[in-house]
Structures are given as C-alpha cells and as structure tokens.
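Colleague: If you scroll down you'll find the structure; I have some questions about it.
The values are calculated or read from the model by the stated rules, or taken from the named source; none is laboratory data. What you see is a predicted model, and the numbers here were worked out from it, not measured in a lab. Reconstructed Cβ throughout: ideal geometry from the backbone, glycine too, with neighbour counts over all protein chains shown.
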Amino acid sequence: MARIGIDLNRFILEEERQFPQATGSLSLALMSIENATKIISSRIRKAGLSDILGKIGKVNVQGEEVQKLDQLSNNWLIEHLSDSGEFYALASEEVDDAIFPEKGKNGKYVIALDPLDGSSNIDVNVNVGTIFSIYRKYCDGVENFFQEGYKQVAAGYVVYGSSTMLMYTTKNGTHGFTLDPSVGSYLLSHPYLKMPSRGKIYSINEGYSQRWDEPLKKYIDNLKSKNYSARYIGSMVADVHRTLLKGGIFAYPGDKKNPQGKLRLLYEAAPMSLLIEQAGGRATDGVNEILSIKATSLHQRTPVFMGSKEDIDELMDYMRG
Ligand code: AHG
Ligand code: MN
Ligand code: MN
Ligand code: MN
C-alpha cells in the first residue's frame with residue numbers, strides 16, 4: 001500500500017514490480033521526465049533573476065508567440081528524453097514534426113509533450129506546468145502518435161505552483177507527489193486521488209461567451225443559478241489541478257470563431273483526460289469521450305470539457321438538447 005512521503009522513484013519501481021513481465025523501461029522513461037521537470041522547476045523559481053522571461057520573437061506551429069521559457073523547457077525535455085534511449089519518438093507542441101532520437105532506435109515508447117503550459121502566465125508569476133503522454137510504440141513512423149487516448153500507458157503533469165507537484169497515472173489510479181526542494185525529490189502526498197463526484201466551481205474563459213452555442217450558454221447560466229463559483233487561471237495545468245482536487249468543471253469549448261477550440265488533443269486533452277478519469281471524473285469533447293478519439297495529426301485541436309462525473313453528465317444532457 002502506498003505510504004505518504006515515499007519518493008517517486010521508489011513508487012514507480014514498486015508499481016512496475018507488480019507486473020512480472022515488465023522490463024523497467026517505463027520506469028526509466030518516467031524517471032527521465034522527473035529529472036527534466038526538476039530542472040525546469042528550479043529555473044522557473046529563478047525566472048525573474050536570470051533573463052529568461054519574455055518572448056523570443058518567433059511564432060510556433062500553433063500560431064503563438066514563443067516565450068523564452070517555452071523554448072528552454074522544450075529544449076531541456078527533448079535533450080533529456082532523447083538521451084534516455086527509452087523513446088523511439090517525441091512530439092512537442094513547440095516543434096512542427098515528430099523527433100526520432102538517434103539513441104531511441106530500440107525505444108519501446110513514444111511521448112507527446114506540452115513543455116510549458118500556460119505561457120501567457122510566465123511573465124506575471126502565475127502557475128505554469130508541463131504535460132506528458134506516453135504510448136507504446138507499435139509500428140514505424142509518426143503513426144505511433146495516432147492512437148486513441150485510452151491506449152496511453154502513462155500520463156501526467158507537473159504544476160509549478162506555490163510548490164512543485166507532479167501528478168501521474170499508469171492506469172492504476174492518479175497519484176500526486178510534491179517536490180521537497182531540500183531533499184530534491186518528489187514525495188508522495190496524494191495517493192489514489194479521488195475527485196468529488198460533483199463540485200461547486202466552473203472554469204472557462206467567459207470573455208468568449210458571445211461566441212458560444214446556445215446549449216453551453218444555458219448550461220453555464222444554470223450553474224450560476226446554483227451559485228457555482230467561477231475560477232479561471234488560464235493555465236490548463238493549474239485549472240485542471242484545482243478541478244482534480246476540488247471537483248467541478250474545466251472547459252475550453254469550440255465556438256463560432258474556433259470550432260475546435262484551442263487545446264491540443266495529444267499534448268493537453270488526452271493526458272489530462274486520463275488523469276481525470278483515473279480519479280473518477282469524466283472528459284468529453286461535447287459528443288464523444290476524449291479518450292476514444294484517435295488523433296489524425298500531431299497538432300490537432302479539440303473542444304474539452306472535463307471534471308466531476310455528475311457535472312459532466314449534466315453538461316451532456318444540455319449538449320444533447
Ligand atoms: P500553452 O501555453 O501550452 O500554449 O497552453 C495555453 C492554453 C492553456 O494552458 C489554457 O487553458 C489556455 O491556453 C488559455 O487560453 P485562453 O487565453 O484563450 O483562455
Ligand atoms: Mn503554446
Ligand atoms: Mn498548453
Ligand atoms: Mn505549451
């Protein structure tokens with residue numbers, strides 16, 4: 001049974017030991033993510049001092065202005081994960097095409113990354129994060145990324161908040177670890193996280209409400225009539241983290257201007273949905289469960305509604321009319 005305070009490496013190894021056929025490869029893969037995110041965390045803590053705030057003056061494949069920390073986090077993760085030899089391929093929100101590391105020719109996994117989530121919050125000292133999603137390699141080439149979300153073997157995120165926390169799942173529950181900077185390790189703080197079946201908070205960018213469809217407008221009006229509170233940080237990692245712990249709903253819908261919304265299926269929607277479902281919640285694009293969607297391109301976007309099971313069930317009643 002999981003003990004509060006045990007360190008992440010030990011937890012990962014004990015979890016893998018339950019599968020006699022396991023080779024240790026997934027454990028090593030997870031540990032390489034752990035190390036890279038510790039470096040990012042330490043750099044973010046010094047962001048204002050070391051000239052890594054601000055933009056680099058380039059636009060990425062998503063059409064967004066790249067921030068210095070977007071690029072640095074991307075580079076650190078790609079270097080670390082490529083060097084681990086565990087990954088046959090990497091895909092990143094910040095890189096146009098998939099990367100096939102020289103050392104990963106025999107790698108058993110592929111990984112999709114949002115190196116730095118919540119870029120617009122970097123310069124104002126508000127929480128940002130890193131998201132990862134791991135699939136088993138089953139063929140040659142980029143097609144390895146085009147699998148349904150339920151086929152992920154592991155997913156997680158790190159939130160660089162008032163403390164740094166890493167949440168992850170290998171489909172044996174969602175577990176949370178808090179980085180103890182004096183020890184230098186992530187220590188288990190939230191084993192087998194179970195989110196409330198209903199919450200009292202909704203989280204959506206209400207500035208776009210004039211572009212929403214009628215069913216969504218009615219649903220949000222109904223939440224207001226029930227005295228739900230509004231909370232929107234604008235970093236998906238932080239907004240989903242709160243939703244996991246407190247319940248309620250996080251949404252980034254499609255609207256009249258952007259029918260597919262903004263969030264990316266591979267780097268954001270699928271991994272967060274796995275964590276939410278493993279904690280007893282539900283995630284949908286408004287029609288289908290997010291985890292049932294098979295990607296057809298690396299950077300594809302999807303509407304996202306995720307949170308407490310009863311909240312999402314109710315939303316679906318509105319969506320179905
Ligand atoms: P990223 O910084 O990785 O590009 O992601 C930004 C995303 C996500 O973190 C957040 O939920 C959303 O953008 C906020 O977008 P709006 O400002 O349109 O609400
Ligand atoms: Mn971005
Ligand atoms: Mn993001
Ligand atoms: Mn990002």
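Colleague: For the range 100-149, name all the residues that are part of a helix (DSSP H, G or I) and among the polar types (S, T, N, Q).
Modeller: Ser119, Ser120, Asn121, Asn144
Colleague: Shifting gears a bit: Do you know which residues across the range 178-192 are surrounded by 14 or more Cβ atoms within 10 Å (Cβ to Cβ) and over 22 Å from Phe19 (Cα atoms)?
Modeller: Thr178, Leu179, Asp180, Ser185, Tyr186, Leu187, Ser189, His190, listed by residue number.
Colleague: Another question, then. Just to be sure before I move on: is Ser119 modelled with pLDDT of 95 or more and either more than 16 Å from the chain's Cα centre (by Cα) or within 13 Å of ligand 4 (Cβ to nearest atom) (or both) in the structure I sent?
Modeller: no
Colleague: Is it the case that the range 175-190 has a residue that's within 16 Å of ligand 1 (Cβ to nearest atom) and within 19 Å of the chain's Cα centre (by Cα)?
Modeller: Within the range 175-190 (the criterion being within 16 Å of ligand 1 (Cβ to nearest atom) and within 19 Å of the chain's Cα centre (by Cα)), the answer is no, since none of the residues qualifies.
Colleague: OK, next. Which residue is surrounded by the most Cβ atoms within 10 Å (Cβ to Cβ), if the candidates are limited to the range 260-294 and must be within 16 Å of ligand 2 (Cβ to nearest atom) and under 19 Å from Thr169 (Cα atoms)?
Modeller: Looking at the filtered set, the residue picked out is Met272.
Colleague: Scan the range 229-274 residue by residue and report those that are basic (Lys, Arg) and assigned to a helix (DSSP H, G or I).
Modeller: Across the range 229-274, the qualifying residues are Arg242, Lys246.
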